[in-house]
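Here is the structure we will look at.
The values are calculated or read from the model by the stated rules, or taken from the named source; none is laboratory data. Keep in mind that this is a model prediction, so the values were computed, not measured. Cβ: placed from backbone, ideal geometry, glycine included. Neighbour counts: every protein chain shown.
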Amino acid sequence: MIARRHVPHYLMLLPFLLLFAVFFLYPIASGLTYSFFDWNATSPARFVGIDNYQRIVASRDFRKAMVNLGTYIAITVPLGITVAFCLALLVDSFKGVWANLFRAAYFLPVILPAFLAATIWRWIYAPSFGLLNMVLGWFGVPSISFLNDTSTMLYALIAVDVWVSAGFNMVIILAGLKNIPAHYYEAARLDGANKLQQVLYITIPMLYPVLFFVVTYGFISALQVFDIPWLLTGSSFANYGGRQGALLFPVMDMMGRGFGALKFGQAAAYGFILTAVIVIFTAAMFAFGKRRFAQ
Amino acid sequence: MKIARLLASASVLAIAFSTGPARAADPVTLQYWVYSDFAQGDALKLQQEFIAEFEAAHPGVKIAISGKGDDDLTTGEVTGAASGNLPDVFMNGLAFGAQLVEAGALDNIYAKWMAMPQAFRDQFDKDAIASCTPKPDTMYCLPYTGFNEILFRNLTVLKAAGIDTTVPPKDWAEWFEQMKKVKAAGKFAMPDQTQVFNSVASTFSVVGPHEDWGIDFAAKKTKVKPESYAKALQLFVDMKPLSSGTSRNDQATKDLFITNQLAFHVIGPWVDPTYAQAAKDSGLKYDFVLVPGAKPGAHAGIKSYEILGVAPGKNAEIAWQFAAYVAEAKQMSRWAKLLSRYNANAAAMADPEVAKLPLIARSVEAVKYGLDVQPPYFVGAYPNCYNQIVTDNAAAVADGNETPAEGAASLVKELDACIAGD
């Protein structure tokens, strides 16, 4: 009787479950299956066990992509969030039209199409006559080929990435700032706390859930970095990652194996390795966050 | 009895409406994928004219044209082949041909090609047809538009450097001397030729024999020879202090040329509309000449073709007819006249009205000397690592990390390992 009473509820869930199964569960299961096959998308797939995983892990490009990714994440996530946090504090200190103006200005890069952002930055980074080299030239610094010198390429990307992502994180942090009751700051001021102490002992602890979201989201986004380095290096499926693979990242390597070399089995395996890394990272972040929340 | 008759009639009807070659009378919509610049402005208008003419001659046939970016074309065609959802007629570059064959995206059109009148087959450039025909009885594409690099010269920059612009440089030595004069005048001579695979190939073509370029797929080895390649690497070393540091494809490179900061740009004719517009808007003074070779009378530059492929399947016959229609001399003449772009239809290129167009005339001449970018076509796909190794090596030698001789020797080793899949 109870089961019959719930039938309409299950029926109402059915469209979602059907779409979820077709467009989410099936591709995952299919991808996982193909990761154990040698498959070029048209010829019959040949079972190769874990060979695809072994080949990827043993490949030079995978090691390079992972090292690049590790360095990139280690810098871009903390730097990006610090910049966003500072911008949010700055915008929060303004009132009325100025607050709106700065918020819109800092958010602009977020809505800029990636190809446009990359084109602008290719111009800024251009050797000899690029804007940045021109400014550096005033101080006697010789021209730097930011996007072609392997020692600067990663940092050039990080600067673009921080520029693009700071606005998005700033808006989220700003929303969090608005929710901090003003009387906390009044009490702190009465107790003689200076601005820095107010930020350290009120703002940051009160923003903890927001910062946790921003950090977690930043990690997940950074792990999937693709479009900006692809465009900055003028990559194609035949040639990607820039000089000596200095801007080669896992998603680019995965795409290249799939659509460049038609090794879809390897590309699927790559996807699952990357997914595993993201899941482990996210789980670790949540475990850490839960402990902090409990405290 | 009645039921049996009904079933028999239903079977006949089912067979009649089932698969089989689409006849002109069958209502069918062909998907036609082109490069995005073919689906914009005047090019699109002309493509739509071709489509309208073909549709009028083939009642029931509709053509849906879609413009795609380079990578989108390849991914769409590969995934389309995998999912059975290929466009019926599509473009791509010759260099991606082997990949598309491997993916099962290209129909073998040899029988259809041979069934065409001799007069039709004779229209096409023989080398271009050979590129589409990797072995007997096998043909994977119709060569369509194409290019051979030419040397765009900024005349204002050259004159400011004290160079006589009335005669193009006769060989590399003279060209290099001009580059040095340009640099001495405070301008950039060339883009950085090490950054893009095609510009490395282009530089190799100045000094290297064509047979020393590409992959020997049977032997699984590169055809690059250290002796000839070292000479090309020396050119990168020589050009390094004279270059703008931007790649030949960068927007910044075109901007430098337009603003009279860059003297030479070796590239295909597709930049001409931009430069022609700048000539109108800002008085840019430029011309285009053949790329000088190592010796007087020799010329360099790379060449390639965009191809028209036909997908295997029930629409293959009518799709072939459409491909043959758009690639035919009459249409290709109109295309060339409108856009001043070289194509693989030799008969169209010989049309007096087309042949007199300066850019076409120069391209027709240049293509005789052109180096194929990734030969041999339709035999094997270049491994992913190949292009990257070539550009990294050229940059490393240009930066002085290796001598040209060392760089050439290490390149051959690395390319062989890449081809072998190590």
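Residues of segment B:86-97 being within 12 Å of chain A (Cβ to nearest Cβ) and either surrounded by fewer than 23 Cβ atoms within 10 Å (Cβ to Cβ) or over 18 Å from the mean Cα position of the chain (by Cα) (or both), which ones? Selection gives B:LEU86, B:GLY93, B:ALA95.
Taken over segment A:130-153, the criterion of being touching a residue at least 60 places away in the same chain (Cβ under 8 Å) and surrounded by 18 or more Cβ atoms within 10 Å (Cβ to Cβ) is satisfied by A:LEU147, A:ASN148, A:MET153. One residue is enough: does segment B:166-178 have a residue meeting the conditions surrounded by fewer than 24 Cβ atoms within 10 Å (Cβ to Cβ), among the hydroxyl-bearing types (Ser, Thr, Tyr), over 29 Å from A:PRO142 (Cα atoms) and touching a helix residue (DSSP H, G or I) at 6+ places or on another chain (Cβ under 7 Å)? Taking every residue of segment B:166-178 in turn, none turns out to be surrounded by fewer than 24 Cβ atoms within 10 Å (Cβ to Cβ), among the hydroxyl-bearing types (Ser, Thr, Tyr), over 29 Å from A:PRO142 (Cα atoms) and touching a helix residue (DSSP H, G or I) at 6+ places or on another chain (Cβ under 7 Å).
Which ones in segment B:257-270 are at pLDDT 95 or above and part of a helix (DSSP H, G or I)? The answer is B:PHE257, B:ILE258. Here B:ARG153 fulfils each of the conditions (1) crowded, with 20+ Cβ neighbours inside 10 Å; (2) under 28 Å from B:ASP71 (Cα atoms); (3) basic (Lys, Arg) apart from (2).
Checking the stated criteria, A:LEU231 turns out to be over 18 Å from A:PRO78 (Cβ atoms) and within 14 Å of chain B (Cβ to nearest Cβ). Out of all the residues in segment B:122-142, is one or more part of a helix (DSSP H, G or I) and of a type in the set (Val, Ile, Thr)? For segment B:122-142, residues part of a helix (DSSP H, G or I) and of a type in the set (Val, Ile, Thr): present. So which residues in segment B:153-191 are within 14 Å of another protein chain (Cβ to nearest Cβ) and free of Cβ contacts under 8 Å to residues at least 60 places away in the same chain, if there are any at all? Correct list: B:LYS183, B:GLY186. Among the residues making up segment B:227-285, none is more than 18 Å from B:ALA394 (Cα to Cα), more than 12 Å from chain A (Cβ to nearest Cβ), of a type in the set (Ser, Thr, Tyr) and surrounded by 22 or more Cβ atoms within 10 Å (Cβ to Cβ). Within segment A:1-30, no residue that is among the hydroxyl-bearing types (Ser, Thr, Tyr) sits with its Cβ atom under 8 Å from a residue that is surrounded by 10 or more Cβ atoms within 10 Å (Cβ to Cβ) at 6+ positions apart or across chains.
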